[in-house]
Amino acid sequence: DNWLDSEHLLRDLRNILWARKWLILGAALLTFALTAIGTWLTKPIYSSSASILVMKERFDAPVTPEQIIATGHPDTRMTEEDVNSEVEIINSPTLQAEVVKRLQLEKDFETKSSGSVLAAFDKDPADKKLSASSLALAKLQENLTVEPGKKSNLIKITYKANNREQAALVVNTLCDLY
């Protein structure tokens, strides 16, 4: 009796699915089409990274009044504070503004046509008051990640952009200027 009930249940389920086959197929095709269109329209994001080894090269030998010539070994150990200070230098707006200037990143914001319908949706009202170089600096800061390595003297710099050459140039220029 139980076996007959399960057979009737499966047959009824098959009949329901068969009756709604076009709705199921349509929903599957619509999902596939929307996913394909969304993937096609999405701009790729490239990420470029570099690691910097921070070393202490200063010689801090103890000097006493009796001792005229400094002797001793240089202290090359880096503390967490030393590495974090270097991270702050890399994150400084002055250094990042120099990257924008050298790579002329502000040109991306100068060439946008402000009269188009898409440009009206692309910018915030506050952005219209900022100069092209300020917008470029803000975008650089938004897409740049500078973080110290855990229990190491390394600093990792990562930049994300829609253009792979630009991503690499920004990271390399920042490292060169540092």
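The stretch between Ile16 and Arg164, if pulled fully straight at 0.36 nm per residue, gains 48.1 nm over its current Cα-Cα span. In this label model, Thr42 and Arg102 are separated by 3.3 nm, measuring between points 7 Å along each Cα→Cβ vector. Fully extending the segment from Asp5 to Ser92 would add 24.0 nm, taking 0.36 nm per residue of separation and subtracting the current Cα-Cα distance.
With both labels modelled 7 Å from their Cα along Cα-to-Cβ, the Asp82 to Glu142 distance reads 3.7 nm.
Full extension of the chain segment joining Ile24 with Ser51 gains 4.6 nm, where the gain is 0.36 nm per residue of separation less the Cα-Cα distance.
The phi-based Karplus calculation (6.51 cos²θ - 1.76 cosθ + 1.60; θ = phi - 60°) puts the 3J(HN,Hα) values of region 149-162 at x, 6, 6, 8, 9, 9, 10, 9, 10, 10, 10, 10, 8, 7 Hz, whole numbers, x for Gly and Pro. The peptide list 32-38, 86-92, put in order of mean Cβ contacts within 10 Å with the highest first, becomes 86-92, 32-38.
Summing Lys and Arg as +1 and Asp and Glu as -1 over all other residues whose Cβ lies under 13 Å from the Cβ of Val100 gives a net charge of -1. Residues in region 51-56 carry Karplus couplings, in order, of 10, 10, 8, 9, 10, 8 Hz; the curve used is 6.51 cos²θ - 1.76 cosθ + 1.60 with θ = phi - 60°, and Gly or Pro positions show x. If you take all other residues with their beta carbon under 11 Å from the beta carbon of Thr173, and give Lys and Arg +1 and Asp and Glu -1, the sum is 0.
No value in this document is a laboratory result; all are computed from the given coordinates. Quick caveat: nothing in here was measured; it's all calculated off a predicted structure. Glycine gets a Cβ as well: all are built from the backbone with ideal geometry, and neighbour counts include every protein chain shown.
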